Structure formats: structure tokens, C-alpha cells
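Undergrad: Could you have a look at this structure, given as C-alpha cells, before my questions?
The values are calculated or read from the model by the stated rules, or taken from the named source; none is laboratory data. Note that this is a predicted model, so its numbers are computed, not measured. FYI the Cβ positions are ideal-geometry reconstructions off the backbone, even for glycines, and counts take in every protein chain you see. Areas reflect the complete protein model, heavy atoms only, side chains present, ligands, DNA and RNA absent. Shrake-Rupley method; radii C 1.70, N 1.55, O 1.52, S 1.80 Å.
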Amino acid sequence: MKTRVLVPELMDDPSIDPVEHRRALAGLRRVNTLCRTGKHVAAEILAVAKKYDRKTVRVLDLGCGSGDVACNVARRLAGQIEFEVVGWDISPTAVACANRSWSAIEKRILSPNQAAIHMEFEQVDVFSPREIEFDIVYCSLFLHHFAEPQAVAILKSMKKIAALSVLVDDLIRSRWGYMLAQIGCRFLSRSPVVHFDGPQSVRAAFTESEARRLAIQAGLNTCTVRRHWPERFLLRWDA
């Protein structure tokens, strides 16, 4: 699959019915669980904390969706480091789902002898970010939604507010990835939004070399890009 096709996804439509949106977010949560997205992001956050000898990290999840990745990361880092995460998303439906998800699991994953974890999700337009600094800024399944100039602008914004590291976890545009999306999305969700958006996301995704090129254009010159299952890449840049 050589040509990138940027097709608007149904979940990006601001007029989408909230009930259908929540149903689609639940399907995406199952996709992320199967792909072990939280495991990969948590491992990188922990590696950054150890590299800079930080006992506490403040993290931004850009385009946080239902907050499932952030909550999974919190489960994995609980008891290892003090962890604060802020999630930003433009969708009020997604933000409400994210805050409910965290409220539901917060008491279950924390105990009095564990390191503190604080988490909150807010409705914020990523193109009008707040002037605030975080240690680590990451996004998951987010960058592929944008044309190249917008993607570069987002990476620049991430670099500007990240004191230690920028992480990008996303799909790889490939024929195999497209086939997996078609099969997996129908297996994991009954949502027609997920059935449409999954394959379209792969068509809109970047290749590893394209992601590296965009990162360099954004000033992330020393970034590394590694592939992980299933047909995803994780880009990391350290300050």
C-alpha cells in the first residue's frame, strides 16, 4: 500500500451521535488492549524516567480518546513511579468517557503503599494548546488523522511542551496492516464506525520512513522509530 489516502473518519465528525461515539470508543479500547498499546507506552515512559533519574513524571496524552491507553499505562506504572497524566481531546464525549473510566479503576489499582498517581482529562483543541510544560508528551493512534503540514505542526507543539521526551505510537501503512484492520475491527466491535474507521486509518497512516521525515521537519532530529506488533511504530525523541 504505497499511496497515503486521507479520508475523513466517522469518529472525527463533530455531529456523530454520542451513543454511537461511545460504542465506537469501546471498540477502539478493545483494539488497543489486543495491540498492547499501553504496555509499549508504559515501557517507554519508565525508560525515560530511569534515563533522567526521575521519581516523578508529568505526562500529557494528546488526543486521549476514551482514556483507555492512559488508564492502562497507570495500571502498569502503579507502584513504580509517581505518575501524573493529563489527557486532552477535542471531543466532550471522549473526555467524559475518559474521566468515568479513571473513576471506575482508580481505587482498584492504587493502595496506600503505592506511589501516587493523579489523572484528569480535559477538552482542549490540540491546535490551541495551553502554555504548560510536561515531562513526557505522547499520542496514540492520533497523528494519522492529519495531513503532513498539520502533523508536523503537532509534533512541533509536542516538542515545545515536552521537557524530556516525545512519544508517538501509531499505525503503519501497509497491505498487511489494512487486512488486519478489516478483520480485527469486525471481530472486536459491532460498531459500524469502527468497521469503517479502522481500515481507513491504515490508508491514512504513515510509513516508518515518512514518520521519521516528519519528525525531523518538526525538529525531532535524534528520534528513533521502532516497529511493534501488529503493524505499528513507536517514535521516540529525547530532549
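Undergrad: Kindly establish whether residue 66 is small (Gly, Ala, Ser), farther than 20 Å from residue 161 by Cα, assigned to a loop (DSSP other than H, G, I, E, B) and modelled with pLDDT under 90.
TA: Values: small (Gly, Ala, Ser): yes; farther than 20 Å from residue 161 by Cα: yes; assigned to a loop (DSSP other than H, G, I, E, B): yes; modelled with pLDDT under 90: no.
No.
Undergrad: Out of 203, 213, which single residue is in a helix (DSSP H, G or I), without any contact (Cβ under 8 Å) to a residue 60 or more places away in the chain and not aromatic (Phe, Trp, Tyr)?
TA: It is 213.
Undergrad: If you don't mind, there's one more thing I want to ask. From the list 215, 205, which one is under 20 Å from residue 41 (Cα atoms) and either touching a His at 6+ places or on another chain (Cβ under 7 Å) or modelled with pLDDT under 90 (or both)?
TA: Working: 215 fails: either touching a His at 6+ places or on another chain (Cβ under 7 Å) or modelled with pLDDT under 90 (or both).
The unique qualifying residue is 205.
Undergrad: Just to verify a result, which residue in the stretch 111-129, among those that are in a loop (DSSP other than H, G, I, E, B) and at pLDDT 60 or above, is most open to solvent (accessible area, probe 1.4 Å)?
TA: Residues of the stretch 111-129 in a loop (DSSP other than H, G, I, E, B): 111-116, 124-129.
Now restrict to residues that are at pLDDT 60 or above: 115-116, 124-129.
Details: 115: 26, 116: 62, 124: 9, 125: 64, 126: 21, 127: 96, 128: 77, 129: 50 Å².
Once the filter is applied, the top-ranked residue is 127.
Undergrad: Do we have residue 232 as crowded, with 18+ Cβ neighbours inside 10 Å and of a type in the set (Lys, Arg) here? Spell out the reasoning first.
TA: Working: crowded, with 18+ Cβ neighbours inside 10 Å: yes; of a type in the set (Lys, Arg): yes.
Judged against the criteria, residue 232 is a match.
Undergrad: Which one is nearest to residue 153 (Cα to Cα), of the residues in the stretch 48-63 that are open to solvent by 30 Å² or more (accessible area, probe 1.4 Å) and either part of a loop (DSSP other than H, G, I, E, B) or in contact (Cβ under 8 Å) with a residue 12 or more places away in the chain (or both)?
TA: Per the stated criteria, the residue is 58.
Undergrad: Taking the stretch 29-63, which residues are modelled with pLDDT under 95 and in contact with a Leu (Cβ under 6 Å, 6 or more places away or on another chain)?
TA: Scanning the stretch 29-63 gives 30, 31.
Undergrad: Here is a further query. If you scan the stretch 179-200, which residues turn out to be open to solvent by less than 60 Å² (accessible area, probe 1.4 Å) and under 25 Å from residue 3 (Cα atoms)? Give the derivation first.
TA: So in the stretch 179-200, the residues open to solvent by less than 60 Å² (accessible area, probe 1.4 Å) come out as 180-181, 184-185, 188-189, 191, 193-195, 197-200.
Matches in the stretch 179-200: 180, 181, 184, 185, 193, 194, 195, 197, 198, 199, 200.
Undergrad: Pick from the stretch 76-93 the residues that are within 17 Å of residue 138 (Cα to Cα) and in a helix (DSSP H, G or I): which of them is least open to solvent (accessible area, probe 1.4 Å)? Explain how you work it out, then say what you get.
TA: Kept after step one, since they are within 17 Å of residue 138 (Cα to Cα), are these residues of the stretch 76-93: 76-77, 83-90.
After this cut, where a residue has to be in a helix (DSSP H, G or I) as well, the list is 76-77.
Numbers: 76: 101, 77: 3 Å².
By that ranking, first place goes to 77.
Undergrad: In the stretch 135-152, how many are in contact (Cβ under 8 Å) with a residue 24 or more places away in the chain and not in a loop (DSSP other than H, G, I, E, B)?
TA: Of the residues in the stretch 135-152, 12 are in contact (Cβ under 8 Å) with a residue 24 or more places away in the chain and not in a loop (DSSP other than H, G, I, E, B).
Undergrad: (1) under 17 Å from the mean Cα position of the chain (by Cα); (2) hydrophobic (A, V, I, L, M, F, W, C); (3) in a loop (DSSP other than H, G, I, E, B): which one isn't true of residue 132, the others all being true?
TA: Single failed check for residue 132: (1).
Undergrad: Of all residues in the stretch 20-47, how many are open to solvent by 60 Å² or more (accessible area, probe 1.4 Å) and out of contact with any Ser or Thr (no Cβ under 9 Å at 6 or more places or on another chain)? I'd like the intermediate steps shown before the answer.
TA: Taking the stretch 20-47 first, the residues open to solvent by 60 Å² or more (accessible area, probe 1.4 Å) are 22-23, 29-30, 33-34, 36, 39.
Right, trim to out of contact with any Ser or Thr (no Cβ under 9 Å at 6 or more places or on another chain) and you get 33-34, 36, 39.
Counting residues in the stretch 20-47 that are open to solvent by 60 Å² or more (accessible area, probe 1.4 Å) and out of contact with any Ser or Thr (no Cβ under 9 Å at 6 or more places or on another chain) gives 4.
Undergrad: Can you find, within the stretch 60-83, the residue that is nearest to the chain's Cα centre (by Cα) among those that are more than 9 Å from residue 119 (Cβ to Cβ) and of a type in the set (Gly, Ala, Ser)?
TA: Among them, the one singled out is 63.
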